[in-house]
Ligand SMILES: NC(=O)c1ccc[n+]([C@@H]2O[C@H](COP(=O)([O-])OP(=O)(O)OC[C@H]3O[C@@H](n4cnc5c(N)ncnc54)[C@H](OP(=O)(O)O)[C@@H]3O)[C@@H](O)[C@H]2O)c1
Ligand SMILES: NC(=O)c1ccc[n+]([C@@H]2O[C@H](COP(=O)([O-])OP(=O)(O)OC[C@H]3O[C@@H](n4cnc5c(N)ncnc54)[C@H](OP(=O)(O)O)[C@@H]3O)[C@@H](O)[C@H]2O)c1
């Protein structure tokens, strides 16, 4: 059974365009309509034939949809909801893919208080953005977290769940607040740390930027990938998930201070014990298929 | 011209075994002798035919060498130098591959005050260790930093340089203290940060470890690779390069505090500006062939 017959995607960046590719690849009878606020993005989307139809206005894209998925940056979710408010069919389900949920759900609720909403955040991505960054297999074997607000129609939830399964994702259900805490540690803290360290390295006097680049294979280059992610999206994430991120930062800083002390006082045993504990997590991640077992992420050593 | 005819490698882990593979692949007429303090490692090295000869004692491995390369953890360098002191031919050149140099050179000098020493640190590696982790192409198009102490015979330097070029590396010369500062930012700081964040994530009460693993594709999994590196080697690196690491940690903490403040006070502009600056470095690293241009490190999305 097809979970939906007419899906509209608003925001055709990495996630929106990947969704379009995936739905057309794995559910070819579903009609996919797309819209993006940016005329350039719409033009590219038409040129690469991303959707069955690209509309110039948000309203026109949703008039006959049975599912609308907002894939705009977190800070644009409320505006995107406002732009479809007059045209959204009463029976349509609304979904969105934001990287943090509680505050985004609340913001959309202000604009669309009665809509049936099933947010779905795919924990998948690359450091690229824009309509040409997407590909159909991005969600294969990745987790997609559904965070429907309490009291949401179970049939609506089941339909959104079915859609994501069909395009390759595994499903997890979470309360929005818990989602935000989990993502604060597995995604938001790693990003703020990576952005920080790349900034620190750029601002040194004794070590030149060219040296930092040349010798980045010692570990630094791994952080630059994450720190090359979209600035708009990440600004929005940190503003929208402030409390959980600050909580994780606090814990991180305490732990770093402890290791720093061990270095200062030459406490090799404490360092060794800490460094021995962290290997097990990597092993589990690989066992559960959440990363490549190949050394160095399978990077090419020609 | 062959830079050396009989090379001895002491310590047959990732770097030592990669060197053995590389020398035998690219300089097949050179005779390679190996030794490791561990009987198990020697046994594996013999079984996989890593070297032309594996000796049971350090002394026996160096008696007819024209180059000896110590590839043991930084904390073992002095002991390794002591173990060969009686048998090292007077005209042999001594090299070592430690990830930090100034304090290691000083330690070796205490034991072998008159040796001709040309340290060579290849900025290349994977998260794996041990004699079976090595491969011949590890050093291809990577930088190898030579840090000969002042006054070292230029011919000795040129010969070690030639060896590393023949196995694929690019050469950079540096003063040992400057080397340690450059590596503190491009390698040691990234490692201590990665070890910290993986530890922080393991110790939460509200987010389970299974959730951390499941949703690690949001960014966290990148850090777990580095934090799976060898605990002994990294304990030694932080103890041996303490001052430079503490200096970089201090700067990092200041920068992190500033971003944390911006999050707390909702200063979206400051966040956006910072996140926009850090993209350029990634671009340069890729342009200079120091990382894969493929999104997500070229990870496989089946
Ligand atoms: N990237 C990831 O790894 C990832 C993973 C999971 C979830 N997410 C979430 O998915 C959402 C989209 O992320 P993304 O990476 O796909 O972003 P992206 O590549 O930057 O694309 C977002 C697109 O939405 C457009 N847009 C902005 N405001 C709009 C509005 N009000 N109406 C219509 N279009 C609008 C943008 O146009 P302009 O460029 O002209 O502003 C842009 O084309 C975000 O909420 C993010 O948190 C991202
Ligand atoms: N891994 C990297 O990414 C990397 C990159 C560049 C440079 N380096 C440097 O290269 C050196 C080797 O690193 P690695 O990653 O190859 O280490 P590794 O895989 O842990 O191997 C080190 C080997 O040396 C042996 N060993 C220890 N003390 C010894 C002694 N006194 N005499 C003889 N053998 C001894 C060890 O045996 P046991 O296991 O029994 O102790 C082990 O087999 C280190 O100084 C490191 O800083 C490492």
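What follows draws every value from the coordinates through simple rules; no lab data is involved. Predicted, not measured: the structure shown is a model, and the values here were computed from it. So basically every Cβ, Gly included, is an ideal-geometry build from the backbone, and we count neighbours across all protein chains shown.
Please specify each residue of segment B:116-134 satisfying the condition of being within 15 Å of residue B:12 (Cα to Cα) and away from chain A (no Cβ under 12 Å).
Of everything in segment B:116-134, just one residue is within 15 Å of residue B:12 (Cα to Cα) and away from chain A (no Cβ under 12 Å), namely B:131.
Where residues in segment B:77-110 are part of a helix (DSSP H, G or I) and under 17 Å from the mean Cα position of the chain (by Cα), which of them is nearest to residue B:181 (Cα to Cα)?
Only one residue tops the list, namely B:102.
Quick one: residue B:196 ticks every box in (1) buried (at least 21 other Cβ atoms within 10 Å of the Cβ); (2) more than 7 Å from every other protein chain (Cβ to nearest Cβ); (3) under 18 Å from residue A:223 (Cβ atoms) bar one, so which box is it?
(2)
Run residue B:238 past the list (1) more than 27 Å from residue B:104 (Cβ to Cβ); (2) facing chain A (nearest Cβ under 7 Å); (3) in a helix (DSSP H, G or I) and report the number of the one that doesn't hold.
The one condition residue B:238 does not meet is (1).
Please work out if residue A:113 is out of contact with any helix residue (DSSP H, G or I) (no Cβ under 9 Å at 6 or more places or on another chain) and either within 10 Å of ligand 1 (Cβ to nearest atom) or part of a loop (DSSP other than H, G, I, E, B) (or both).
yes
Mind listing just one residue for me: the one in segment A:213-235 that is at the interface with another protein chain (Cβ under 7 Å from one of its Cβ atoms) and not in a helix (DSSP H, G or I) and, of those, farthest from ligand 2 (Cβ to nearest atom)?
A:228
If I go through segment A:241-254 residue by residue, how many of them are facing chain B (nearest Cβ under 7 Å) and farther than 16 Å from residue B:219 by Cα?
Residues that pass the stated criteria total 3.
What number of residues within segment B:1-17 are near ligand 2 (Cβ under 8 Å from one of its atoms) and either within 14 Å of chain A (Cβ to nearest Cβ) or more than 16 Å from the chain's Cα centre (by Cα) (or both)?
Summing the residues that are near ligand 2 (Cβ under 8 Å from one of its atoms) and either within 14 Å of chain A (Cβ to nearest Cβ) or more than 16 Å from the chain's Cα centre (by Cα) (or both) in segment B:1-17 gives 4.
Is it the case that segment B:56-73 has a residue that's more than 18 Å from residue B:6 (Cα to Cα) and either within 14 Å of chain A (Cβ to nearest Cβ) or near ligand 2 (Cβ under 8 Å from one of its atoms) (or both)?
Yes, there is a match, as at least one residue in segment B:56-73 is more than 18 Å from residue B:6 (Cα to Cα) and either within 14 Å of chain A (Cβ to nearest Cβ) or near ligand 2 (Cβ under 8 Å from one of its atoms) (or both).
Just give me the residues in segment A:262-302 being more than 7 Å from every other protein chain (Cβ to nearest Cβ) and assigned to a helix (DSSP H, G or I), in sequence order.
A:262, A:269, A:270, A:273, A:280, A:283, A:286, A:287
Report the residue count in segment A:5-18 for those that are crowded, with 24+ Cβ neighbours inside 10 Å and more than 9 Å from ligand 1 (Cβ to nearest atom).
3
In segment B:49-72, what count of residues is obtained for those that are part of a helix (DSSP H, G or I) and touching a helix residue (DSSP H, G or I) at 6+ places or on another chain (Cβ under 9 Å)?
4
Consider residue B:190 against the criteria (1) assigned to a helix (DSSP H, G or I); (2) surrounded by fewer than 23 Cβ atoms within 10 Å (Cβ to Cβ); (3) at the interface with chain A (Cβ under 7 Å from one of its Cβ atoms): it satisfies all of them except one. Which criterion is unmet?
If we test residue B:190 against (1) assigned to a helix (DSSP H, G or I); (2) surrounded by fewer than 23 Cβ atoms within 10 Å (Cβ to Cβ); (3) at the interface with chain A (Cβ under 7 Å from one of its Cβ atoms), just (2) comes out false.
Checking residue A:253 against (1) on the phi > 0 side of the Ramachandran plot; (2) surrounded by fewer than 21 Cβ atoms within 10 Å (Cβ to Cβ): exactly one of these is not met. Which one?
Here residue A:253 clears every test but (1).
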